[in-house]
1. Listed residues 112, 140, 84; which is touching a Lys or Arg at 6+ places or on another chain (Cβ under 9 Å) and crowded, with 20+ Cβ neighbours inside 10 Å?
2. Of all residues in segment 58-88, which are under 11 Å from the mean Cα position of the chain (by Cα) and among the acidic types (Asp, Glu)?
3. Before we move on, is residue 71 under 24 Å from residue 149 (Cβ atoms), in contact with a Lys or Arg (Cβ under 6 Å, 6 or more places away or on another chain) and modelled with pLDDT of 95 or more?
4. Can you name every residue in segment 110-152 that is over 20 Å from residue 18 (Cβ atoms), of a type in the set (Gly, Ala, Ser) and either without any contact (Cβ under 8 Å) to a residue 12 or more places away in the chain or not in a strand (DSSP E or B) (or both)?
5. Here is a list of conditions, (1) exposed (fewer than 15 other Cβ atoms within 10 Å of the Cβ); (2) under 28 Å from residue 112 (Cα atoms); (3) over 17 Å from the mean Cα position of the chain (by Cα), and residue 15 meets all of them except one; can you say which number that is?
6. Checking residue 17 against (1) touching a Pro at 6+ places or on another chain (Cβ under 7 Å); (2) without any contact (Cβ under 8 Å) to a residue 60 or more places away in the chain, which single condition isn't satisfied?
7. Inside segment 20-33, can you point out the residues that are touching a Leu at 6+ places or on another chain (Cβ under 7 Å) and either surrounded by 20 or more Cβ atoms within 10 Å (Cβ to Cβ) or touching a residue at least 60 places away in the same chain (Cβ under 8 Å) (or both)?
8. Does residue 133 satisfy the condition of being surrounded by 13 or more Cβ atoms within 10 Å (Cβ to Cβ), within 30 Å of residue 50 (Cα to Cα), in contact with a Ser or Thr (Cβ under 9 Å, 6 or more places away or on another chain) and not charged (D, E, K, R)?
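The values are calculated or read from the model by the stated rules, or taken from the named source; none is laboratory data. Everything numeric here is computed off the predicted structure, so don't read it as measured data. Cβ placement follows ideal geometry from the backbone for every residue including glycine, while neighbour counts extend to all protein chains displayed.
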Amino acid sequence: MMRIVAISGSLGARSRNLALLTTAITLAPPGVDLVLFDGIRDLPHFNPDVEASAVPESVLRWRQALEASDAVLIASPEYGFSLPGALKNAIDWVIGSGELDSKVVAITAAVPGPERGRRGLQALRETLAAVRASIVGGEPIPAGPEFERLVAALVEALIQAVKDAASRTSDVIRLDGHSSISSHLSGSAISCCDGR
């Protein structure tokens, strides 16, 4: 079972981005457990001194949710040409501890029109670069008749990216296990991804 944790960058109960994630959950195929994590609202402001004394329970829950996931789906609004403070704070809490390191992360924004939300997504992409996340998507999804199809396509692309990452990891493990490099290369196509 593949597990994907879904995170809304908005704390609003009627957020378009929360609605997008709810749609994604209903569209997840069999064999994929797509679950909403609503705990970033409970995180204290990031402070290294707090972590040095005792890690708050809300932070532990956040880190455990990421650790237990194969991938992450983030839908986030744009606030002031950037990402919301609550989402940035959540990411700050796991930069040092590593739960997001090299994780496959799909990002999008539910928007009223196609040209909205792009600066916020770019800021989110730059923030996730700090943990070397492998980004999927990155385009806003506007309201309209294509909304569900675009959400489904993003979920499908995220699932495929997780499978591709697992396959690459498996190939590395086999090579490290002293299998024949020449037979490995002759028996499979070599592909690479620049992470864009």
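1. Working: 112 fails: crowded, with 20+ Cβ neighbours inside 10 Å; 84 fails: touching a Lys or Arg at 6+ places or on another chain (Cβ under 9 Å).
Exactly one residue qualifies, and that residue is 140.
2. Across segment 58-88, the qualifying residue is only 70.
3. Numbers: under 24 Å from residue 149 (Cβ atoms): yes; in contact with a Lys or Arg (Cβ under 6 Å, 6 or more places away or on another chain): no; modelled with pLDDT of 95 or more: yes.
Spelling it out, it is not the case that residue 71 is under 24 Å from residue 149 (Cβ atoms), in contact with a Lys or Arg (Cβ under 6 Å, 6 or more places away or on another chain) and modelled with pLDDT of 95 or more.
4. 129, 130, 133, listed by residue number.
5. (1)
6. (2)
7. Taking segment 20-33 as the starting set, the residues that turn out to be touching a Leu at 6+ places or on another chain (Cβ under 7 Å) are 21, 24-25, 28.
Once the filter is applied, which keeps residues that are touching a Leu at 6+ places or on another chain (Cβ under 7 Å) and either surrounded by 20 or more Cβ atoms within 10 Å (Cβ to Cβ) or touching a residue at least 60 places away in the same chain (Cβ under 8 Å) (or both), segment 20-33 yields 21, 24, 28.
8. Values: surrounded by 13 or more Cβ atoms within 10 Å (Cβ to Cβ): yes; within 30 Å of residue 50 (Cα to Cα): yes; in contact with a Ser or Thr (Cβ under 9 Å, 6 or more places away or on another chain): yes; not charged (D, E, K, R): yes.
Yes; evaluated as a whole, the condition is true for this residue.
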